[in-house]
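What follows is calculated from the coordinates using simple rules that are stated; it is not laboratory data. None of these values were measured; they are calculated from a predicted model. Neighbour counts are summed over all protein chains in view; Cβ atoms, including those assigned to glycine, are modelled from backbone coordinates with ideal geometry.
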Amino acid sequence: MKLKGKGLYLLDEPEAALSPTMLMTILSVLDRLCQQQSQFIIATHSPILLAYSNAKIYQFSDTGIKEISYEETEHFLVTKDFLNNYQKRIQQLLEKE
C-alpha cells in the first residue's frame, strides 16, 4: 500500500509484528504524511505510536469515550512500570502460587 498526502487512513494495530525501531520509523512516516494534510485514525496498544506529539488519544470504556493524555494511558503506565521495575515484575509474574 502506498500512502500519499491528503489522505484519510484507518489503521488497526499497525504495530503487529514490528520492532520498536520500526515503530519509531513509522512515527516519522506518519508525521511526514500529516504535514501533507493526511489524517490517521489508529487503533493501537503501542506506547510508541501513542507517543506521537500531535496525537489525540481517546479512551473507550464502559462509561463512554474520553480524550486522555499520553501519560494517562494504561499502555504508557504499564510499560513505564515494567521498564522501571522489570526484575521485580518478572519475579512477581513467575512466582508459584
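In contact with a strand residue (DSSP E or B) (Cβ under 6 Å, 6 or more places away or on another chain), of a type outside the set (Lys, Arg) and surrounded by fewer than 15 Cβ atoms within 10 Å (Cβ to Cβ) - does that describe any residue in the range 18-33? Checked the range 18-33: no residue is in contact with a strand residue (DSSP E or B) (Cβ under 6 Å, 6 or more places away or on another chain), of a type outside the set (Lys, Arg) and surrounded by fewer than 15 Cβ atoms within 10 Å (Cβ to Cβ). For the range 61-80, filtered to residues that are of a type outside the set (D, E, K, R) and surrounded by 11 or more Cβ atoms within 10 Å (Cβ to Cβ), the residue that is nearest to His45 (Cα to Cα) is His75.
Does Ile42 meet the test of being assigned to a strand (DSSP E or B) and without any contact (Cβ under 8 Å) to a residue 40 or more places away in the chain? Answer is yes for this residue. I'd like the residue in the range 61-93 that is outside any helix (DSSP H, G or I), touching a strand residue (DSSP E or B) at 6+ places or on another chain (Cβ under 9 Å) and not β-branched (Val, Ile, Thr) and, out of all such residues, is nearest to Thr21 (Cα to Cα). The qualifying residue nearest to Thr21 (Cα to Cα) is Ser69. Put simply, of Thr79, Thr44 the only residue that is more than 28 Å from Leu8 (Cβ to Cβ) and within 12 Å of the chain's Cα centre (by Cα) is Thr79. Ile57 meets the conditions (1) more than 15 Å from Leu10 (Cα to Cα); (2) touching a Ser or Thr at 6+ places or on another chain (Cβ under 9 Å) in every case but one. The failed one is (1).
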